Amino acid sequence: MHDIRFIRENPAAFDAGLARRGLAPTSALLLEKDEAARAAIRQSEELQARSNAAAKAIGAAMGKGEKDEAERLKAEVSGIKAELPGLEAKAKELGAEVRDLLAALPNLPVDDVPLGEDETGNVFVSAVGEKRDFSFEPLEHDRLDSALGLDFETAANVAGARFAYLRGGVAKLNRALGQFMLDLHTREFGYEEITPPLMVRDEAVFGTGQLPKFAEDLFRTTDGRWLIPTAEVSLTNMVREKILSEGELPLRLTALTQCFRSEAGSAGRDTRGFIRQHQFEKVELVSITTPDTSDAEHERMTQAAETVLNRLGLHFRRMLLCSGDMGFTARKTYDLEVWLPGQKAYREISSCSNCGDFQARRMNTRFRPEGEKSTRFVHTLNGSGLAVGRTLVAVLENYQQADGSIAVPEVLQPYIGGLTRIHG
RNA sequence: GGAGAGGUGGCUGAGUGGUCGAAAGCACCGCACUCGAAAUGCGGCGUACGGGCAACUGUACCGAGGGUUCGAAUCCCUCCCUCUCCGCCA
């Protein structure tokens, strides 16, 4: 959600930001509506003020027993009130129009975000590790021996497309990955471990920006709630409508949850394999910070996610997303892409975004700077640390052996009783 | 799911449909007293959005949204949340 006052004062800068997102200028329309809305509000408030004053005078007159005067005033107020509902309705409607327009506009990219239309415009930042040398042709994860425990056929029977059963060794490996990530973030990066709700209300989903524009990407429950598409929703909304003290910040929260996505717009994409599922596990990182510290926190968070890949010995690169490829709420995003030797491609495994005060405005989350009376909006950040399912894919493809087994990365072995190999 | 009781400022807690944005206490801030502190006294002390160079001023807000009324914290309706009892349940 944008600050209409900023747009009033910097309409050109605002439109320039939208242009970098590939969007048409909107400030003129917004300001026109805003001006009309404020005029209508002013009118209705002035009328209301007159009516309030007269109503008070009625009370005073009745107190003094001046019945006639009271009756005269009543008539006057009635006259005023005849006009009021129309004016109020108009003010409300115009105000709602402005809000709806604002709610549908994405965050603006910050200056160092490269200009671009789609993922081809993303900029390489850095890489860690190297592609492993195979003495054989590595298989894609879904072509590995099915006895390892990755079972799409049964899932298709029971649940439909884009679901999977993990069985035996692969299920253990998956569990180990999630545990390992949580332990790393809580022990070494100071995140608080949270077990959050997986179903949330409209307001929460609006707060983090999935509503109103992206409802078709979500699953809705029969009682009107939403299954979370990411723990970002439940974690970030923990501070909705709160005024925090500066001393509480930064707030660092992490959770391992299932995520649910309808994948409505991605028919035909990644239909094979475990990359794109309706239900998947992810370890989410969320930070709530002051405006001054969010850039540094963004780097820190991205490093926390990178550390997971590092410890797992997986080769990856960090990309800075271009303006056209960023998500709705982000003002700057790093993607981490892991190398998949079977697919012979880098695939997104984490996305770390600084949302600035964009979500904070939608949630009305503020903090009181030390020693100040007034409040300011916090900054919010979120990142995957990491997508567990995709990390499983990366481990399977990178750690496959010539005999069809999977070597267990050293850091995971303690989580599964010292097991070093998974066999079919 | 059924029956009942509630939701008032940072906290506790009054409030008969009419000078209620709301008593009182606590907390907090300023001043006085004090060498200093405590205690005491006096004063201040909500948020949002408008208007105004400013002093200041208007509107809204007593869980949320509607309604009744000249006027609603107070009456009515719907919803949300909390608590108690009953039922069901991992």
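For this structure, a couple of remarks:
- In the stretch A:47-70, the residues that are assigned to a helix (DSSP H, G or I) and either open to solvent by 70 Å² or more (accessible area, probe 1.4 Å) or at pLDDT below 80 (or both): A:Arg50, A:Asn52, A:Lys56, A:Gly59, A:Ala60, A:Ala61, A:Met62, A:Gly63, A:Lys67, A:Asp68, A:Glu69, A:Ala70
- Note on the stretch A:36-95: residues that are within 7 Å of RNA strand B (Cβ to nearest atom), under 30 Å from A:Arg8 (Cβ atoms), touching a residue at least 12 places away in the same chain (Cβ under 8 Å) and of a type in the set (D, E, K, R) amount to 0.
- Among the residues making up the stretch A:364-391, those that are touching a strand residue (DSSP E or B) at 6+ places or on another chain (Cβ under 8 Å) and more than 13 Å from A:Thr290 (Cα to Cα) are A:Ser374, A:Asn382, A:Gly383, A:Ser384, A:Gly385, A:Leu386, A:Ala387, A:Val388, A:Gly389, A:Arg390, A:Thr391.
- Strands (runs of 3 or more DSSP E) fully within the stretch A:320-382 counting 1 or more residues that are within 19 Å of A:Glu299 (Cβ to Cβ) and open to solvent by 10 Å² or more (accessible area, probe 1.4 Å): A:332-340, A:345-354
- In summary, A:Ala155 fulfils each of the numbered conditions (1) without any contact (Cβ under 8 Å) to a residue 12 or more places away in the chain; (2) open to solvent by 30 Å² or more (accessible area, probe 1.4 Å); (3) more than 12 Å from RNA strand B (Cβ to nearest atom); (4) aliphatic (A, V, I, L, M) with the single exception of condition (2).
- Sole exception among (1) more than 9 Å from RNA strand B (Cβ to nearest atom); (2) outside any loop (DSSP other than H, G, I, E, B); (3) surrounded by fewer than 16 Cβ atoms within 10 Å (Cβ to Cβ); (4) not small (Gly, Ala, Ser) for A:Asp112, by number: (2)
- Verdict on A:Leu73 being surrounded by 18 or more Cβ atoms within 10 Å (Cβ to Cβ), hydrophobic (A, V, I, L, M, F, W, C) and modelled with pLDDT of 85 or more: no
- Single unsatisfied condition, A:Thr420 versus (1) over 17 Å from the mean Cα position of the chain (by Cα); (2) crowded, with 21+ Cβ neighbours inside 10 Å: (2)
- Selection within the stretch A:235-258 - open to solvent by less than 10 Å² (accessible area, probe 1.4 Å) and free of Cβ contacts under 8 Å to residues at least 60 places away in the same chain: none
- Inter-residue pairs, beta-carbon under 7 Å, first over 22 Å from A:Glu203 (Cβ atoms) and in the stretch A:355-381, second in a helix (DSSP H, G or I), 6+ apart: A:Arg368/A:Glu246; A:Pro369/A:Glu246; A:Glu370/A:Glu246
The values are calculated or read from the model by the stated rules, or taken from the named source; none is laboratory data. Computed from a predicted model, the values in this text were never measured in an experiment. Because the Cβ atoms are built from the backbone with ideal geometry, glycine has one as well, and the counts that use them run over all protein chains shown. Note: areas computed on protein heavy atoms with side chains; ligands, DNA, RNA excluded. Shrake-Rupley method; radii C 1.70, N 1.55, O 1.52, S 1.80 Å.
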